[in-house]
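Heads up, the thing below is written out as structure tokens.
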């Protein structure tokens, strides 16, 4: 078997193992995105708070996670949390790292969406004697979220492409599985090519879905 020639039979034999790893990659992405969206909205709301301490806290957290590399955050959570008494599996740690890291970026996305809502909406709600919480939940968010769908989608794709970093803490995601196969068989061209193709296909599908949501809810 020529190591310089792509072997289709060998490549197809790898697909079941790579597809199993792909499920882990997708699960980490989906769970990480759900966490990022929830935390991001939380940081965005705190940054709109009239209490200086809450504003300062949220701003500090957002800037810290935006200004430090994801890989360092992954290592920090993986090695420091057990010392603090919180023991998570590598997969759980990876999801937590992805969620926290991207929540800092989504906080800015949410903030832009909230700021795009005309100030008159707040004033009208106040005139109707609506509470600030109800105003935010029933009036502001429904107007703020649709315009930021494209940005949220872009970060979803970015997170998907960042999942290989979880291999640093032994998560057997797609790329790590391909590297192990290459080390065991001394053939890297097939597993790495398939990994690149799978990432490309899933990214293109995600982009199409995001485009569909954008056309339905934004325009």
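Only the coordinates and a few stated rules stand behind these numbers; no lab work does. Predicted model only: the values in this text are computed from it and were never measured. Every residue, glycine as well, gets a Cβ built from its backbone with ideal geometry; the counts of neighbours run over all protein chains shown.
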* Structure fact -> For 59, 93, ascending order of other Cβ atoms within 10 Å (fewest first) is 59, 93
* To do: Using the number of other C-beta atoms within 10 angstrom as an exposure proxy, rank 105, 188, 79 with the fewest first.
  => 79, 188, 105
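Applying a 10 Å radius around every beta-carbon, put 149-155, 15-21, 47-53 in order of their mean neighbour count, most first.
Values: 149-155: 17.9, 15-21: 14.7, 47-53: 11.7.
Final packing ranking: 149-155, 15-21, 47-53.
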* Structure fact -> So the angle from the long Cα axis of helix 149-162 to the longest Cα principal axis of the chain, reported in degrees to the nearest 10, equals 30 degrees
* Projected-area mean, segment 37-131, by convex hull of Cα positions, square nanometres -> 7.5 nm²
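How do 216, 111 line up, fewest other C-beta atoms within 10 Å first?
Working: 216 10, 111 21.
Least crowded to most crowded, the residues run 216, 111.
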* How big is the chain by the Kirkwood estimate over distinct Cα pairs, in Å? -> 19.6 Å
* To do: Could you please state, rounded to a whole Å, how far the C-alpha centre of segment 101-147 is from the C-alpha centre of segment 53-86?
  => 26 Å
* Cα-based helix-to-principal-axis angle, 52-67 vs the chain, degrees rounded to 10 -> 20 degrees
* **Relative contact order [Cα under 8 Å, 6+ residues apart], the chain, whole percent** => 28 percent
* Could you give the C-alpha radius of gyration of segment 92-219 expressed as a fraction of 2.2 N^0.38 Å, taking N as the number of residues it contains? => 1.47
* Structure fact -> Once residue 7 and residue 143 are pulled to full extension, the length gained, defined as 0.36 nm per residue separation minus their Cα-Cα distance, is 43.7 nm
